[in-house]
Amino acid sequence: QVQLVESGGGLVQAGGSLRLSCAASGRTSSINAMSWYRQAPGKQRELVARINNARRTNYTDSVKGRFTISRDKAKNIVYLQMEKQKPEETAVYYCKVEMGFRSTDYWGQGTQVTVSS
């Protein structure tokens, strides 16, 4: 099993920056990729950014050029650096890991990000 703990959420003004962290523990050797998702009230959960074991990254179009996902494999931490944030990006942000072992995904509990106008 893998456990995930997100941190770094909070209140930020529009145009500001915030960095989220997700620390994984447990059977981390089987992790194939780590991702950040977000879910705003009344909206579906959407993929924000993903990074695989080769450090290949993918971003949803709306955050390209402003958000950066990175990963410290040694410490089993994935980060999401968010720049020039917009009020519509207020959401609960979730960390997800993709496991090669048993093809299982694990989710963190989420961290609230509020962007004020």
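The values are calculated or read from the model by the stated rules, or taken from the named source; none is laboratory data. All values derive from a computational prediction rather than experimental measurement. Glycine gets a Cβ as well: all are built from the backbone with ideal geometry, and neighbour counts include every protein chain shown.
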* What are the residue pairs meeting all of these: first residue in the stretch 47-72, first residue among the basic types (Lys, Arg), second residue surrounded by 14 or more Cβ atoms within 10 Å (Cβ to Cβ) and assigned to a loop (DSSP other than H, G, I, E, B), Cβ atoms under 7 Å, and 6 or more apart or on different chains? -> Arg66/Glu83
* Structure fact -> Those residues of the stretch 47-61 which are exposed (fewer than 13 other Cβ atoms within 10 Å of the Cβ) and either among the hydrophobic types (A, V, I, L, M, F, W, C) or modelled with pLDDT of 95 or more (or both) amount to Ala54, Arg56, Asp61
